[in-house]
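Chemist: Just passing along the structure, written as structure tokens.
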Amino acid sequence: MQIIETFSPEETFRLGQELAAKAHPGELCTLVGDLGTGKTVLTQGIAKGLGIEGPVSSPTFTIVQVYEEGRMPFYHFDVYRIGDVEEMDEIGYEDYFYGQGLTIVEWADLIQEILPGRYREIKIEKDMEKGFDYRKITINEVTKPVPEWNERHG
Ligand SMILES: Nc1ncnc2c1ncn2[C@@H]1O[C@H](COP(=O)(O)OP(=O)(O)OP(=O)(O)O)[C@@H](O)[C@H]1O
Ligand SMILES: [Mg+2]
């Protein structure tokens with residue numbers, strides 16, 4: 001587990017750029033945190049770090065936004081407004097999650113059951129005692145337990 005503290009949107013953006021520099025095709029990162037914590041700011045840094053120059057905002061009504069012009073494809077999901085995980089099937093999420101690009105999922109806690117066996121969880125939290133622009137960013141490599149193993153031994 002890695003904890004990074006940032007004190008401005010620019011610092012969070014730079015962290016995104018650094019994460020992008022280390023990213024490999026096929027990786028998936030979830031972004032969790034309350035409204036306005038900086039998920040999109042971090043995503044914009046990641047996009048920039050992959051060499052994507054165009055504007056990157058949250059894909060409000062489309063769930064996924066695809067960017068092909070960077071070092072690798074970039075799939076930006078924002079599932080905040082999703083009603084049911086079936087909507088993810090309808091857009092063919094597996095082609096992205098198990099594809100050759102970098103996938104970012106904002107509000108991933110809403111689609112927990114379809115997340116892959118391994119992914120990187122990035123959690124962003126405020127702490128008003130440390131200032132308005134303070135953010136604590138916790139990065140965790142998640143490996144889901146194997147269900148069959150749990151049934152046999154759990
Ligand atoms: N350290 C910081 N890191 C990131 N953003 C910060 C920081 N300090 C202040 N901010 C501000 O917080 C806001 C974060 O907005 P952003 O859209 O990235 O949040 P979000 O988590 O994507 O929210 P939503 O869930 O509504 O999409 C921006 O206005 C940004 O300027
Ligand atoms: Mg956002």
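All of the numbers you see were taken from the coordinates with simple rules; none came from a lab. Keep in mind it's a predicted model, so treat the numbers as computed, not measured. Neighbour counts are summed over all protein chains in view; Cβ atoms, including those assigned to glycine, are modelled from backbone coordinates with ideal geometry.
Chemist: Let me have the relative contact order for segment 76-138, percent, based on Cα pairs under 8 Å that are six or more residues apart.
Modeler: 31 percent
Chemist: DSSP loop chymotrypsin sites (Phe, Trp or Tyr not before Pro) in segment 51-86 with at most 14 other Cβ atoms within 10 Å of their Cβ, which ones?
Modeler: In loop regions of segment 51-86 (DSSP not H, G, I, E or B), the sparsely surrounded chymotrypsin sites (Phe, Trp or Tyr not before Pro) are Phe61, Tyr80.
Chemist: Need the C-alpha centroid separation for segment 42-62 versus segment 94-154, integer Å.
Modeler: After rounding, the separation between the Cα centres reads 19 Å.
Chemist: Continuing with this model, one more query. Where in the chain lies the longest segment free of GluC sites (Glu not before Pro) that are both loop residues by DSSP (not H, G, I, E, B) and have at most 13 other Cβ atoms within 10 Å?
Modeler: 70-154
Chemist: Turning to a different aspect of this structure: Quantify how much of the Cα-Cα distance distribution of segment 72-132 extends past 18 Å, in percent. Before the final figure, lay out each step's value.
Modeler: Details: 734 of 1830 pairs.
Summing the P(r) tail past 18 Å for segment 72-132 gives 40 percent.
Chemist: May I ask you to derive the FRET efficiency for Asp133 and Met1 from their Cβ-Cβ distance with R0 = 22 Å, giving the value to the nearest 0.05?
Modeler: On the way: r = 23 Å, r/R0 = 1.06.
So, using R0 = 22 Å, E works out to roughly 0.40.
Chemist: If we count every other residue with Cβ under 13 angstrom of Met128's Cβ, Lys/Arg +1 and Asp/Glu -1, where does the sum land?
Modeler: -1
Chemist: A further question on this structure: Treating each Cα of the chain as an identical point scatterer and ignoring solvent, apply the Debye formula and state log10 I(q)/I(0) at q = 0.11, 0.13 Å⁻¹.
Modeler: -0.42, -0.59
Chemist: What fraction of the DSSP beta bridges in segment 2-144 is antiparallel, stated in percent and rounded to the nearest 5?
Modeler: Rounded to the nearest five, the antiparallel share is 60 percent.
Chemist: Given a cut-off of 21 Å, name the pairs among Lys22/Lys48; Lys39/Lys126; Lys123/Lys144; Lys22/Lys126; Lys39/Lys144 whose C-alpha atoms lie farther apart than that in the structure shown.
Modeler: Lys22/Lys126; Lys39/Lys144
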